[in-house]
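The values are calculated or read from the model by the stated rules, or taken from the named source; none is laboratory data. Bear in mind that the values here come from a model prediction, so they are computed numbers and not experimental data. When we count neighbours, we look across all protein chains shown, and the Cβ atoms used for this are built from the backbone with ideal geometry, even at glycine. What goes into the accessible areas is simple: the full protein's heavy atoms, side chains included, and nothing from ligands, DNA or RNA. Shrake-Rupley method; radii C 1.70, N 1.55, O 1.52, S 1.80 Å.
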Amino acid sequence: MTAQPEFRRYLVNIDSISTQQLFTDCVIIGAGIAGLRAAIEAANHCNVIIVCKDSLQNSNTWMAQGGIASVLGKRDTFESHIADTLDTGCGISDEKVVEQVVRQGPELIEELFRWGASFDLADGHIATTLEGGHSHPRIAHAHGDETGRIIAETLIEKVRQNPNIEVVENFYTIDLITNDDNVCIGIIGHDKQRGQQIIWAENTILATGGAGRLYRETTNPEVATGDGIAMAYRAGTVLWDLEFMQFHPTTLYIAGASRALITETLRGEGAVLLDSKNQRFMQEYHESAELAPRDIVSRAILAQMLKTNSTHVYLDIRHFDKAHFAKRFPLISELCESFDIDVSRDLIPVRPSAHYMVGGVRTDTSARTTIKNLYACGEVASTGLHGANRLGSNSLLEGLVFGRTAGRLVSQRKKVDVAHLKHPLIKYQIPDSDRSRLDAADVRNSLRSLIWRNVGITRKAQPLVEAQEIIRFWQRYVMDKIFDSPEGWECQNMLTVSLLMAHAAETRQESRGVHFRSDFPKTDDKHFKKHIEITKKS
Ligand code: SIN
């Protein structure tokens with residue numbers, strides 16, 4: 001079987017007879033909150049292999065600062081959390097899913113607490129704080145702004161102790177393997193030590209995380225290159241709403257420094273935004289000022305930067321008690337100190353950057369994708385919770401809920417003896433390319449700049465069309481190559497996902513949630529109160 005580069009089913013040659021093979025009931029790709037939680041649940045009745053492309057510590061979950069949203073306070077209600085989530089989702093969240101996620105929140109957070117996640121306490125109960133778009137303080141946090149690390153460490157410990165779970169780090173999943181009946185039967189990947197391997201699995205859970213690295217400016221770690229979306233697309237799943245990339249309003253902006261996140265909970269606890277003339281401006285854009293939903297804050301910052309001809313704005317926390325700040329926000333305190341920013345005297349330079357992929361692999365309420373025996377959870381999935389915009393700190397909660405849901409479904413399925421199943425012989429051969437060698441790092445850098453410029457916070461038709469033309473041109477000499485290392489496969493995946501994202505953004509000719517079109521600034525319910533669905537043409 002051969003294929004045109006743009007419609008290639010697999011990124012590499014496969015000969016299943018000569019490839020090392022492993023067998024498991026369930027393989028999970030990705031080790032953020034969703035993948036880890038799924039593994040713990042699935043392992044109740046299954047053997048599980050979790051693979052992740054770097055170390056277990058390298059995930060968006062690990063880096064999460066603000067926290068995890070849930071109804072934990074006496075004065076808060078499920079109805080209020082549901083209403084805030086639906087409002088932020090701008091008309092296209094799935095109400096059933098919102099209800100499902102919100103109502104499972106307290107139980108899952110208490111479970112994490114029992115497992116050892118040391119959430120910060122107030123009066124003996126889990127303390128909560130406020131973020132934009134929430135009508136009540138409902139963000140639980142741990143070790144101040146190290147919530148992600150504490151949650152990840154707790155889940156990793158649980159996974160490590162479980163004899164039914166094997167963890168394989170530095171394993172790059174290249175593709176999902178499907179049979180002729182469109183059933184997912186495992187994965188092909190590259191183990192840093194052992195080379196190419198096939199893992200045959202009765203169930204495959206995709207939990208690969210996000211795609212922030214498609215943008216030059218992002219809060220995401222290097223691993224967030226959209227691989228899961230790209231491999232699901234090649235396998236033929238339905239994708240939803242890739243135009244909805246959420247931008248975080250406040251990323252540290254210092255030339256040469258990595259774009260570190262400055263948590264929204266700082267604004268929840270009183271930080272204000274100032275422009276380059278030292279003026280507050282958020283009241284001009286929204287009645288909730290600094291606590292408006294983050295798409296509004298991001299666009300307001302951009303508008304103010306334009307107005308004042310500046311590359312950034314500032315967060316002002318000079319009025320905070322410095323000792324309290326260092327204790328409550330240890331990560332940010334250390335970060336500021338490392339750049340000689342004395343927060344009691346100096347302003348913190350910030351600007352928006354790509355943060356969270358709201359769209360992704362379409363799933364139902366049980367985390368099933370449109371391919372049999374393939375499930376998705378966490379940022380790679382589009383469950384219907386976020387609609388057109390994600391309410392801050394709802395994503396860790398979503399990861400927990402759908403991780404458990406996927407794992408439970410897998411563990412309840414009738415077990416088959418996967419090692420003795422007759423697996424198809426796969427021989428997939430890609431024609432040799434006679435095009436010249438390629439500097440994948442250079443393509444990636446150019447792509448990330450293009451996406452930031454043309455598919456950024458404010459979009460319009462012509463730059464979106466131009467982005468697709470340029471990406472197609474790059475694809476002509478990147479997609480026909482057979483790479484033998486993650487850098488090359490990531491580059492191919494980034495081109496694939498960028499093209500789909502630009503296409504989806506061009507298709508949605510309206511503004512909704514995080515997607516703002518300056519040529520269609522209004523929401524158009526008549527034509528676009530729906531999802532933009534993409535599937536590979538076969
Ligand atoms: C933050 O701490 O501001 C990020 C929280 C989130 O993205 O949900």
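If Val358 meets every condition in (1) touching a residue at least 60 places away in the same chain (Cβ under 8 Å); (2) touching a helix residue (DSSP H, G or I) at 6+ places or on another chain (Cβ under 8 Å); (3) within 16 Å of the ligand (Cβ to nearest atom) apart from one, which number is that one?
Here Val358 clears every test but (2).
Restricting attention to segment 329-345, does a residue exist that is away from the ligand (no atom under 15 Å from the Cβ) and under 26 Å from Ser135 (Cα atoms)?
no
Just the residues that are part of a strand (DSSP E or B) and either of a type in the set (Gly, Ala, Ser) or within 16 Å of the chain's Cα centre (by Cα) (or both), please, taken from segment 29-52.
Ile29
Is there any pair with a first residue in segment 130-148 that is closer than 18 Å to Ser59 by Cα and modelled with pLDDT under 95 and a second that is of a type outside the set (A, V, I, L, M, F, W, C) and near the ligand (Cβ under 10 Å from one of its atoms) whose Cβ atoms are under 6 Å apart and which are 6 or more apart or on different chains, and what are they?
Partner pairs satisfying both residue conditions: Asp145/Gln65; Asp145/Thr263.
Residues in segment 127-135: is at least one polar (S, T, N, Q), open to solvent by 10 Å² or more (accessible area, probe 1.4 Å) and either more than 15 Å from the ligand (Cβ to nearest atom) or in a loop (DSSP other than H, G, I, E, B) (or both)?
yes
Identify the residue in segment 218-263 that is among the aromatic types (Phe, Trp, Tyr) and over 21 Å from Asn389 (Cα atoms) and, among all such residues, is most open to solvent (accessible area, probe 1.4 Å).
My answer is Tyr253.
What are the residues in segment 53-79 that are in contact with a Lys or Arg (Cβ under 9 Å, 6 or more places away or on another chain), within 11 Å of Pro137 (Cα to Cα) and assigned to a loop (DSSP other than H, G, I, E, B), if any?
Ser70, Val71, Leu72, Gly73, Asp76, listed by residue number.
Taking segment 351-388, which residues are surrounded by 24 or more Cβ atoms within 10 Å (Cβ to Cβ) and over 13 Å from the mean Cα position of the chain (by Cα)?
Pro352, Ser353, Thr363, Ala367, Thr369, Leu374, Tyr375, Leu385, Gly387, Ala388
Go through segment 22-81 and give me each residue that's within 16 Å of the ligand (Cβ to nearest atom), of a type in the set (Gly, Ala, Ser) and in contact with a strand residue (DSSP E or B) (Cβ under 9 Å, 6 or more places away or on another chain).
Those that are within 16 Å of the ligand (Cβ to nearest atom), of a type in the set (Gly, Ala, Ser) and in contact with a strand residue (DSSP E or B) (Cβ under 9 Å, 6 or more places away or on another chain): Ala34, Ala64, Gly66, Gly67, Ala69, Ser70.
Mind listing whichever residues of segment 27-63 are open to solvent by 10 Å² or more (accessible area, probe 1.4 Å), among the aliphatic types (A, V, I, L, M) and modelled with pLDDT under 95?
Within segment 27-63, just Met63 meets the criteria.
Can you list the strands (runs of 3 or more DSSP E) found entirely within segment 273-370 that contain at least 1 residues being on the phi > 0 side of the Ramachandran plot?
360-362
Looking at Ile82, Ile109, which one is in a helix (DSSP H, G or I), over 21 Å from the mean Cα position of the chain (by Cα) and crowded, with 17+ Cβ neighbours inside 10 Å?
From the options Ile82, Ile109, the qualifying one is Ile82.
One residue is enough: does segment 151-161 have a residue meeting the conditions buried (at least 17 other Cβ atoms within 10 Å of the Cβ), within 16 Å of the ligand (Cβ to nearest atom) and either more than 27 Å from Asp442 (Cβ to Cβ) or among the polar types (S, T, N, Q) (or both)?
Yes: segment 151-161 contains one or more residues that are buried (at least 17 other Cβ atoms within 10 Å of the Cβ), within 16 Å of the ligand (Cβ to nearest atom) and either more than 27 Å from Asp442 (Cβ to Cβ) or among the polar types (S, T, N, Q) (or both).
Which numbered condition in (1) touching a residue at least 24 places away in the same chain (Cβ under 8 Å); (2) away from the ligand (no atom under 16 Å from the Cβ) is the only one that Asp417 fails?
Here Asp417 meets the rest and fails (1).
Taking only pairs six or more apart or across chains, which ones have beta-carbon atoms under 6 Å, a first residue in segment 1-18 that is open to solvent by 10 Å² or more (accessible area, probe 1.4 Å), and a second residue that is of a type in the set (Asp, Glu) and at pLDDT below 95?
As it stands, the answer is Pro5/Asp480, since those pairs meet every condition given.
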